[in-house]
Amino acid sequence: MDRNNIEKIAQNQEDKLLLAKVWDKIQSGMRKNIPANTCFLSPRQLEMTKFLFGQQEGLISFGGYTDAERQMLVYLPDYLDESYFTTEDAPLVCLRAAFHEGEKLSHRDFLGALIGSGIARESIGDICVGNSSCDFFLTAEIAPYILQNITAAGRTNLQLKQISLLEFQLPPECTLPIKDTVASLRLDCVIASGFRMGRSTAAQYITAGKASVDGLLCEKPDKIVTQGCKISVRGLGKIKLTMVNGETKKGRISVMIDRYV
């Protein structure tokens, strides 16, 4: 565990600033033997911070539920366990926004409402939208502000309340299955198939830094992806390479892709 590794891990100045901030916060908690946590981190940011600290005892990642995409890195002293997250001192909370079932609200609607209220993206965890409610995670300190100031998403009225983590409901995933053939399992080929676009257009999204594979940024169009990979493209959405079925008679690869809708 060495602060000097920040220079080796960071790929740009933004990474350096983030890792330095995380280092100072977590190290302060360790020295004082008190809980310490970061803001919500993207999968890529979380991987960098884990690499920075290594297998440090007492360090865990948590985003409110198992397999959360955006998580905090948290230091828990040996006198605390994960039940800490259900106490009043927990660093994150879950809010539920109820709305009329006939309204069609998306992740983007809720994220826009939260960002539009003036809070930073790093203060917002996962946003899980269901048919008539949305459960989402926030840093504990900004939750009172959101409860008082968010009354709508777009033109849809909301009724907000704080719920315990035990009440959190993960809505079932809604996907559109796509059966197709691709020339290869290159990232640009799979994105082109999943989002119904040309391969050159898909490559442009990738080289522009808008594509992630299993939460990690990828800027190489020729990266080979495997069955089960989840691919996100900023501005387009998310797909999963559900099945690779082998070659067709014409030498192409038969695949099944789920597009999240």
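The values are calculated or read from the model by the stated rules, or taken from the named source; none is laboratory data. Because the structure is predicted, anything quoted here is derived from the model rather than measured. We place every Cβ from the backbone using ideal geometry, glycine too, and count neighbours over all the protein chains shown. We work out accessible area using only protein heavy atoms, side chains counted, and drop any ligands, DNA or RNA first. Shrake-Rupley method; radii C 1.70, N 1.55, O 1.52, S 1.80 Å.
Taking other residues whose beta carbon is less than 15 angstrom from the beta carbon of residue 155, and scoring Lys, Arg as +1 and Asp, Glu as -1, yields 0.
For segment 182-191, putting each phi into the Karplus relation 6.51 cos²θ - 1.76 cosθ + 1.60 with θ = phi - 60° gives couplings of 10, 5, 7, 8, 4, 4, 5, 5, 5, 5 Hz, in residue order, rounded to whole numbers and with x for Gly and Pro. The residues of the chain present an accessible area of 55 Å² per residue when probed at 1.4 Å with all protein chains retained.
Relative contact order for segment 1-129: what is it in percent, counting Cα pairs under 8 Å that are at least 6 residues apart? Mind showing how you got there, number by number?
Numbers: 135 pairs, mean separation 30.4, N = 129.
About 24 percent, as a whole number.
Ranking 217, 185 from most to least accessible surface, computed with a 1.4 Å probe over the protein chains only, gives 217, 185.
Taking every protein chain into account, the 1.4 Å probe leaves residue 79 with about 130 Å² of accessible area, to the nearest ten. So what does the Cα-only Debye profile of the chain read at q = 0.09, 0.10, 0.16 Å⁻¹, as log10 I(q)/I(0), no solvent term? Results for the chain at q = 0.09, 0.10, 0.16 Å⁻¹ read -0.49, -0.60, -1.26. Couplings for segment 96-111, taken from phi via the Karplus curve 6.51 cos²θ - 1.76 cosθ + 1.60 with θ = phi - 60°, read 10, 10, 8, 8, 5, 4, x, 7, 10, 10, 10, 3, 4, 4, 6, 4 Hz in order; Gly and Pro are left as x.
Each residue was assigned an accessible area with a 1.4 Å probe, and for residue 82 the value is about 110 Å².
The solvent-accessible area of residue 184, taken with every protein chain present and a 1.4 Å probe, is close to 30 Å².
Once C-alpha pairs closer than 8 Å and six or more residues apart are averaged by separation and normalised to the residue number of the chain, the relative contact order reads 14 percent. Mean separation of Cα pairs under 8 Å and 6 or more residues apart, divided by the residue count, gives segment 174-228 a relative contact order of 33 percent. Given R0 = 35 Å, the distance between the Cβ atoms of residue 149 and residue 184 translates into a calculated FRET efficiency of 0.10. Sparse packing (at most 16 other Cβ atoms within 10 Å of the Cβ) combined with a DSSP loop state is found for the following trypsin sites (Lys or Arg not before Pro) in segment 43-112: 104. The fraction of accessible area contributed by carbon and sulfur in the chain is 47 percent, rounded to a whole number (1.4 Å probe; ligands and nucleic acids excluded).
Helix 43-53 and the longest principal axis of the C-alpha atoms of the chain enclose an angle of approximately 60°.
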